[in-house]
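Engineer: First, the structure itself, so that you have it in front of you.
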Amino acid sequence: MDQAEQPGRASAGSLAGKVALITGVGQNIGLATARVLAERGAAVAVSDVDAELARRVAEELSTVGSARARPADVRDRAAVQGLVDWVVGAFGHIDILVNNAGRTSIGPVLEMSEADWDLELDVSLKGAFLASQAAARAMVAQGSGGRIVCLASTAAESARVGGASHCAAKAGVAMLVKVMALELAPHGITVNAVAPGLVPHEAERTSTEYREAFRQMIPLGRLGRPTDVAQAIGFLVSDQAAFVNGAILPVDGGFLAGRPLPPQDS
């Protein structure tokens, strides 16, 4: 029976009875997503390479619902497998994976180090693959389908100076999502991605000038907020998106639609 047709389901958008794993949960989009999913009734497993950050998030979420934390480096296959095994053991099953873990390296092509390149590709792309593979295997074994959402970016389609590793990693994520959507659909698992525009956070490395220039290219006239992206993820992991698969959903205020130029006529 299709998940959306199961009897006794909660109201539209509810995640009651679901177990969600979110990687890279320490701040910004990951933290906002954890809050949204917990508020909608999901039991939430949060993970971050920073164990203390993950613990604090789980403690906060415990005031809303069931939440536990476990640190993991998504670049490490054994650590990722251990994380998924822990989720299944602690909660009984896993229904949702949100691949939010990522690291951004900024630098000109002529100057970027191999270490910076590897860091971003390993965390954002390899990490998404390893976590998705481990979670999907668990979902297939359960036989009840599931939802996987990755974090792509407008940078996957719109190149920017200094973004060689970032644009490459996110373009890779977008295509990985499409391949996984094809392969995992027969198991009732949907795979999608959100593609945020610029969503500033406390550790923002971009300059004020860059952020203002970016804002001026957004038709809605403002930069993104973590909750903008979290709400979109909340939709993609819900039964409301049961027939959405292989989609890259821009959450960018219209940035990818074009440039808000003045009228052409004088």
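Every read-out reported here was derived from the displayed coordinates using simple, explicitly stated rules and does not represent laboratory data. This structure is a prediction, so every number in the text was calculated from the model and none was measured. Please note: Cβ atoms are built from the backbone with ideal geometry, for glycine as well, and neighbour counts cover all protein chains shown.
Engineer: How far, in nm, would the chain grow between Glu209 and Asp265 when pulled straight, counting 0.36 nm per residue and subtracting the alpha carbon separation? Show your work: numbers first, answer last.
Structural biologist: Working: separation 56, 0.36 × 56 = 20.16 nm, distance 2.97 nm.
Roughly 17.2 nm would be gained on extension.
Engineer: Return the FRET efficiency for the residue pair Asp76, Gln27: r is the Cβ-Cβ distance, R0 is 25 Å, and the value is rounded to the nearest 0.05. Before the final figure, lay out the partial values.
Structural biologist: Working: r = 21 Å, r/R0 = 0.85.
My answer for the efficiency is 0.75.
Engineer: Now for a separate question. Over all directions, what mean area does the Cα convex hull of region 123-266 project, stated in square nanometres? Before the final figure, lay out the partial values.
Structural biologist: Details: hull surface 41.6 nm².
If you wrap the Cα atoms of region 123-266 in a convex hull and average its projections, you get 10.4 nm².
Engineer: What is the Cα centroid distance between region 111-161 and region 57-108, reported in whole angstrom?
Structural biologist: Taking the Cα centre of region 57-108 as reference, the centre of region 111-161 is 13 Å away.
Engineer: With +1 assigned to the C-beta of every Lys and Arg and -1 to the C-beta of every Asp and Glu, and no other charges, what is the dipole magnitude of the chain about the Cα centre in debye, to the nearest 20?
Structural biologist: Values: 23 positive and 28 negative charges, 87 e Å.
Using only the charged Cβ atoms, the result is roughly 420 debye.
Engineer: Just checking my list (i) 7, 31, 36, 19, 5, 1, 0; (ii) 7, 29, 32, 19, 9, 3, 0; (iii) 7, 33, 40, 19, 1 against P(r) over Cα pairs in 10 Å bins from 0, in percent computed from this structure; which label fits?
Structural biologist: So the calculated entry is the one marked (i).
Engineer: Tell me which DSSP H helices of the chain clear both cut-offs, 27 Å or more of axial length from alpha-carbon atoms and a mean Kyte-Doolittle hydropathy of at least -1.0.
Structural biologist: Details: long enough: 164-184 (29 Å, 1.21).
Once both thresholds are applied, what remains is 164-184.
Engineer: Within straight cross-link reach of Lys178, meaning Cα distance under 17 Å, which aspartates and glutamates are found once same-chain residues fewer than 8 apart are removed?
Structural biologist: Once the sequence-local aspartates and glutamates are set aside, what remains near Lys178 is Glu157.
Engineer: Could I ask something else about it? Could you grab the relative contact order for region 14-249? Cα pairs under 8 Å, six or more apart, rounded to a whole percent.
Structural biologist: Working: 466 pairs, mean separation 45.5, N = 236.
Computed over region 14-249, the figure is 19 percent.
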